Amino acid sequence: MAIKKESRLRGRFKQEINSKVQRYLASIPFDWRLYRHDIEGSLAHAEMLARQKIITRAEFGKIESGLTSILAEIDSGDFQFKHELDDIHMNIESRLFEKIGDTAGKLHTARSRNDQVALDMRLFAREASLQVIKTLQDFNMQLVDMAEKNIRVVMPGYTHLQHAQPVLFSHYIMAYFHMFSRDIQRFEDCLKRINVMPLGSGALAGVPYPVDREFVADKLGFDSVSANSMDSVSDRDFIIEFESAAAVTMMHLSRLAEEVILWSSREFGFIEVGDDYSTSSSMMPQKKNPDAAELARGKTGRVYGNLMGMLTVMKGLPHAYNRDLQEDKEGFFDTYDTLISSLEVMSGLIGSITINKARMKSVMQSYILATDLADYLVHKHVPFREAHSAVARLVAYAVDAKKELNELSLAEYRKFSKLFDKDVAEITLDKSMEARSSQGGTATQQVRHSIAEARKQMKKYAI
Ligand code: ARG
């Protein structure tokens, strides 16, 4: 079956397009989201055409009022998107014909959908990046507040998911602050390459009109204009970079989600997620499940998938524009939506948490202080390796004797090194933690410093 398509673009064909192909080609089900950016770009383009006397002022005036009223129609939900018009660009152009007649046909002078769609995607990606950066900053602000509020809470620090050394809970939280700060930097860096203006590249070779690309770039807030017309209509590096920064952010978020899931289990019992961020089981009435955190962890997969999808679309693509490039959109929108919603939900979930300080402390056995015992001997000039081995034997002895380290007598300590003295009893969880005062360590004064630095950094952003 064939369907009737816009006759304006079917001029050279004797047959209408096959309806299955038509549906297959249409990007309007998803690229309608570009309407604001498309209209913003068209307004700047038309104004430039008028300034350069490529169209008249009066024609620009008609185009401007037509586009402005189309924007209002779409905003208010009164616009009828048509699949047979393929994409957002053709939908808006066709409506412009209905509104202002043949003058609408002048808008596409010195422009191709190839540079138009590249422009739209860059405008969208710029807005998306700024939104992601803002959401990450809000998240980070919350982490810093949480770290400050709980500065006295000591918990086991892990390596290999085994008790390693006591740390401040705030130190743990600030680790995530630093991870998300790097994510912010990645999106900021991404913005530098997003913010390059492609319009004026035409279909691939440039345009044979005296266009003023700098004017359009200025008008739309771009830092520069693209340097090579073939590259600029087929470049989707900025999408890949955004998706890659998003993949790293989701990886970080999934680590946080995993710790929330583990820590709220009965075995850990370190935290309790608020009821408003928990789900129940349809079968087991006692269950309180962290589904939201699990989904944040799970959705990381699709964000990775979108990145791999786009890299694969681009692989081996000949210059310049190919319709393959239309495949940039769904993955990009999905990545953006998934990232923002995951950040917002996880941020709320983190805010709903109550911390079980007593539990965090009580799960720590004295063995977690073994490194401190070795350090004790090192302070008495024992080489670290020797101290390590003496304490390892001491711990094995205590484990066999089913005793905590503070239940051993001094005589028992001395079986392993004559240098142990009464003051060995002064090694406590707090002292161990405070002793780690090297730059970036877990000692309270270091963590306070890190919180203060974080606040300074965030003030800079707030300007
Ligand atoms: N919907 C198309 C896309 O997203 C717009 C560009 C179409 N260009 C073309 N030469 N068919 O890529």
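The values are calculated or read from the model by the stated rules, or taken from the named source; none is laboratory data. What you see is a predicted model, and the numbers here were worked out from it, not measured in a lab. A quick note on method: Cβ atoms are made from the backbone with ideal geometry, for glycine too, and the neighbour counts reach across all protein chains shown. In case anyone asks, the SASA skips ligands and DNA or RNA and just uses the protein heavy atoms, side chains included. Shrake-Rupley method; radii C 1.70, N 1.55, O 1.52, S 1.80 Å.
Annotations for the structure displayed:
- Identity of the residue in the range 400-415, closer than 19 Å to residue 429 by Cβ and assigned to a helix (DSSP H, G or I), that ends up most open to solvent (accessible area, probe 1.4 Å): 406
- Residues being open to solvent by 10 Å² or more (accessible area, probe 1.4 Å) and either within 11 Å of the ligand (Cβ to nearest atom) or under 20 Å from residue 31 (Cα atoms) (or both) - total across the range 95-116: 6
- Restricting the range 420-463 to residues that are in a loop (DSSP other than H, G, I, E, B) and open to solvent by 70 Å² or more (accessible area, probe 1.4 Å), the residue that is nearest to residue 362 (Cα to Cα) is 438.
- Scoring residue 308 on the criteria (1) away from the ligand (no atom under 16 Å from the Cβ); (2) among the hydrophobic types (A, V, I, L, M, F, W, C); (3) in contact (Cβ under 8 Å) with a residue 12 or more places away in the chain leaves a single failure, condition (3).
- Count of the range 333-344 residues, restricted to those that are of a type outside the set (Phe, Trp, Tyr) and buried (at least 18 other Cβ atoms within 10 Å of the Cβ), is 6.
- Pairs where the first residue, in the range 287-300, is more than 15 Å from residue 343 (Cα to Cα) and the second is open to solvent by 50 Å² or more (accessible area, probe 1.4 Å) and hydroxyl-bearing (Ser, Thr, Tyr), C-beta under 9 Å, 6+ apart: 287/279; 287/280; 288/279; 288/280; 289/279; 289/280; 290/277; 290/279
- Counted residues, the range 256-282 - those being open to solvent by 50 Å² or more (accessible area, probe 1.4 Å), of a type outside the set (S, T, N, Q) and part of a loop (DSSP other than H, G, I, E, B): 2
- Qualifying residue in the range 217-224 (condition: within 23 Å of residue 144 (Cβ to Cβ) and modelled with pLDDT of 95 or more): no
- Hits in the range 227-255 - residues which are part of a loop (DSSP other than H, G, I, E, B) and in contact with a Leu (Cβ under 9 Å, 6 or more places away or on another chain): 236
- Residue in the range 145-165 that is under 23 Å from residue 345 (Cβ atoms) and not in a helix (DSSP H, G or I) present: yes
- The residues of the range 154-191 that are surrounded by 18 or more Cβ atoms within 10 Å (Cβ to Cβ), within 15 Å of residue 441 (Cα to Cα) and in contact with a Phe, Trp or Tyr (Cβ under 6 Å, 6 or more places away or on another chain) amount to a single one, 155.
- Unique residue being in contact with a Leu (Cβ under 9 Å, 6 or more places away or on another chain), open to solvent by 10 Å² or more (accessible area, probe 1.4 Å) and not polar (S, T, N, Q) when the list is 39, 17: 17
- The single condition among (1) surrounded by 19 or more Cβ atoms within 10 Å (Cβ to Cβ); (2) at pLDDT 95 or above; (3) not β-branched (Val, Ile, Thr) that residue 327 does not satisfy is (1).
- Contacts under 7 angstrom Cβ, first residue in the range 406-417 being touching a residue at least 12 places away in the same chain (Cβ under 8 Å), partner of a type in the set (D, E, K, R), 6 or more apart: 410/422; 416/393
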